[in-house]
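The structure appears right after this line, and notes come after that.
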Amino acid sequence: MYKRQKYIDRIVPFINKPVIKVITGMRRTGKSTIMQMIINHLVESGVKKELIIFINMESLNNSHLTDISKLYKLVNRYKKKTGEKLYLLIDEVQEIQDWEKAINSFFADGDADIFITGSNSKLLSSELATLLTGRYVEFYVYPLVFSEFSQFRNKEIKSADLFNEFLKFGGMPGIHHLDFKEPEIYQYLSAVIDSVLLKDVVKRNNIRNVALLEKIMQFIFDNIGNIFSGRKIADYFKNERRTLGHETVYNYLKYLESAFIINRVPRFDLKGKKILETNEKYYLTDIGLGHALLGYREKDINAYLENIIFIELLYRGYNVKIGKFYDYEVDFIAEKQSERLYIQVCYILSDEKVRNREMRPFHKISDNHPKYLLTMDSIPESSEDGILRRYIPNWLISKSN
């Protein structure tokens, strides 16, 4: 088991504090492993094993616990038996009917430190937010970013080859249990897509037209990094002689986003200082899923690189938007507290025309926040007019920007 220390470092300060620790993220991104790491930390800190209750709701052994009354009885038995504070960890808690009521009850009793995981953003919506406002902290788990991917892989592999693997296969942790061969990895990633769609989209939202959902998902995967709207998707299907209402498209996009398969990125008008209401971009939570569905295509490498940089920025704790300044676009505006970064992503600065195209938006921005041009050019990194050009793999493994 590889340690994903950054997540543990974030969670540990909240252990034994009166808040519920909520760990969210797409299925198969490593939430269960992080739960096991928390258990290991508790034991190493002196907590007796009999005080730790770990319930994996994906196991058939726990299927009876979908009934909250049985879950409540189980926890109460532990309480009576030990007479001490418990540590309750429930993996995929959304599989429990009315789980919010059970968790709220355990929290109100004050007899357990509670950790839960879930694979749908609705975990933190309406009911839980109402019942537990101010009583939980959320930790989102991403697939492996490049620095983690490098630790998981053989360190003898050259950095350039490692990045090519990452670009081609993505960061789902499960692929590291396989031989690194394309057919096996893409077969596994296809199974992940099927599992997420079935459990977290189709069943949860009672979708009947699964084929249509898959078509919409394929359209998103095929257009990562492109500006479009739900109306454009509906018009695309209309041209394909499929009748599809705008509202249906928007609902399906929300379902895919709620299952953490895709990420919507709004555009921000740098001149008007406001969020633009239409024509956002979407990126995948894991680029490998797109390759499993559509194949790896060299012509789309710039979009793949953008996707990787976007997820890396989220992993580093930034809030990310697309920047618009009149007719110019900045790939990413990344903000964290008082910090702001402007980032352009380009595969190769092949000639002066491309270089000027990428640099021009930066020259239009008058503030002094850092500006980065991230590329795959092998020439030495440089700084010009306050614009820092960095080699993408180096930037990804750096501890600072």
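The values are calculated or read from the model by the stated rules, or taken from the named source; none is laboratory data. This is a predicted model, so every value here is computed, not measured. Using ideal geometry, Cβ is built from the backbone for each residue, glycine included, and neighbour counts are taken over all protein chains shown. For accessibility, only protein heavy atoms count, side chains too; no ligands or nucleic acids. Shrake-Rupley method; radii C 1.70, N 1.55, O 1.52, S 1.80 Å.
Sites count as exposed loop sites when they are trypsin sites (Lys or Arg not before Pro), lie in a DSSP loop, and have at most 14 other Cβ atoms within 10 angstrom; the longest stretch of the chain without one is 298-398.
The lysines within cross-link reach of residue 70, meaning a Cα-to-Cα straight distance under 25 Å and a gap of 8 or more places when in the same chain, are 21, 31, 48, 49, 79, 80, 81, 85, 101, 122, 199, 203. Modelled spin-label separation between residue 219 and residue 250, with each label point placed 7 Å from Cα along the Cα-to-Cβ direction: 1.5 nm.
Using R0 = 45 Å, the C-beta based FRET efficiency linking residue 209 and residue 82 works out to 0.35. Between the beta carbons of residue 8 and residue 368, assuming R0 = 41 Å, the FRET efficiency works out to 0.70 to the nearest 0.05. Using only Cα atoms, find the angle between the long axis of helix 246-258 and the longest principal axis of the chain, and express it within 0 to 90 degrees, rounded to the nearest 10. Helix 246-258 and the main axis of the chain meet at about 60 degrees.
What chymotrypsin sites (Phe, Trp or Tyr not before Pro) does the stretch 254-327 have in DSSP loop regions with at most 10 other beta carbons within 10 Å? Here the chymotrypsin sites (Phe, Trp or Tyr not before Pro) that fit, given the DSSP loop and packing criteria, are 326.
Only DSSP H runs of four or more residues enter the estimate; each adds -39500 (n - 2.57), and after division by the residues of the chain the mean residue ellipticity at 222 nm equals -12500 deg cm²/dmol. Looking only at the chain, where both bridge partners belong to it, what percent of the DSSP beta bridges are antiparallel (to the nearest 5)? Just about 40 percent of them are antiparallel. If you model the chain as an ellipsoid using its alpha carbon gyration tensor, with each semi-axis the square root of five times an eigenvalue, the axes come out at 38, 25, 21 Å, biggest first.
In whole percent, and with a 1.4 Å probe on the protein chains, what portion of the accessible area of the chain is carbon and sulfur? Using a 1.4 Å probe with all protein chains present, the chain comes out at 47 percent carbon and sulfur. Tally Lys/Arg at +1 and Asp/Glu at -1 over every other residue whose Cβ is under 14 Å from the Cβ of residue 164; what's the total? Neighbourhood net charge equals -1. Relative to the longest principal axis of the Cα atoms of the chain, the long axis of helix 99-109 makes an angle of roughly 60 degrees. Surface exposure of the stretch 125-265, expressed per residue as accessible area with a 1.4 Å probe, stands at 51 Å².
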